[in-house]
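Bear in mind these aren't lab numbers, they're just calculated from the coordinates by the rules spelled out. Everything numeric in this text was worked out from a predicted model, so none of it was measured. For neighbour counting, all protein chains shown are included, and Cβ atoms are generated from backbone atoms with ideal geometry for every residue, glycine included.
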């Protein structure tokens, strides 16, 4: 079984210039936790997740250790300034991807080793889909039940 057999192709994507506010609304409305970032020609240029947005809002460990009481009002203000940024300010560039014609277990191994829940599928740099650990698990479960 290859990645192309189980990947999702009906994708929600954003561009580097997408306002984080629009991305956050899409995440909430579509119940997704991230999106591939593409340019006008559908080249994969990065990925962005809820974690990237929230990481910008929360204090880092040093601030937490030095501050006896975290200022949660300040964190909310940080969120407001964060959603006024654009995707390029928070995305992970040069993102790892997999080819559609590799075995799905190879893709799962890459995700497992890198602690990713999902990985974009690209062909010649162009985004063609996304595959998640859950997609792989479901596919393997179905094939083992049928076999």
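Using a Gaussian network model of the chain whose springs link C-alpha atoms within less than 10 Å, name the residue from 106, 88, 126 with the highest mean-square fluctuation.
106
If I take R0 = 22 Å and measure r between the Cβ atoms of residue 80 and residue 28 in this structure, what FRET efficiency does the formula 1/(1 + (r/R0)^6) give, to the nearest 0.05?
Calculated value: 0.90.
With Kirkwood radius over Cα pairs in Å as the read-out, I listed (i) 16.7; (ii) 21.1; (iii) 15.4; which label goes with the value calculated from this structure?
Working out Kirkwood radius over Cα pairs in Å from the coordinates points to (i).
Quick check: pseudo-label points 7 Å beyond the Cα along Cα→Cβ at residue 40 and residue 1, how many nm apart are they?
That separation, rounded to one decimal, is 4.0 nm.
May I ask for the angle, rounded to the nearest 10°, between helix 20-30 and the longest principal axis of the chain, with both axes built from Cα atoms and the value confined to 0 to 90°?
50
Any idea what angle helix 104-114 forms with the longest principal axis of the chain, computed on alpha-carbon atoms, 0 to 90 degrees, nearest 10?
Helix 104-114 and the main axis of the chain meet at about 30 degrees.
In the Gaussian network model of the chain, springs joining C-alpha atoms below 10 Å, which of 23, 105, 90 carries the largest mean-square fluctuation?
105
Would you list 27, 1, 146, 91 from fewest to most Cβ contacts within 10 Å?
146, 1, 27, 91
Using 0.36 nm per residue of separation minus the Cα-Cα distance, give me the extension gain between residue 50 and residue 99 in nm, one decimal.
15.2 nm is the gain from fully extending residue 50 to residue 99.
Run the numbers on the range 3-146 and let me know its relative contact order in percent, using alpha-carbon pairs under 8 Å that are six or more apart.
The value is 32 percent.
With everything on Cα atoms, drop me the angle between helix 72-82 and the longest principal axis of the chain, reported from 0 to 90° to the nearest 10.
The answer is roughly 60 degrees.
With r as the distance between the Cβ atoms of residue 114 and residue 72 and R0 = 35 Å, compute the FRET efficiency 1/(1 + (r/R0)^6) and round to 0.05.
Calculated transfer efficiency: 0.65.
GNM, the chain, Cα, under 10 Å: largest mean-square fluctuation among 45, 87, 95?
95
Distances longer than 15 Å among the Cα atoms of the range 78-147: what percent of all pairs is that?
Looking at the range 78-147, the distances longer than 15 Å represent 62 percent of pairs.
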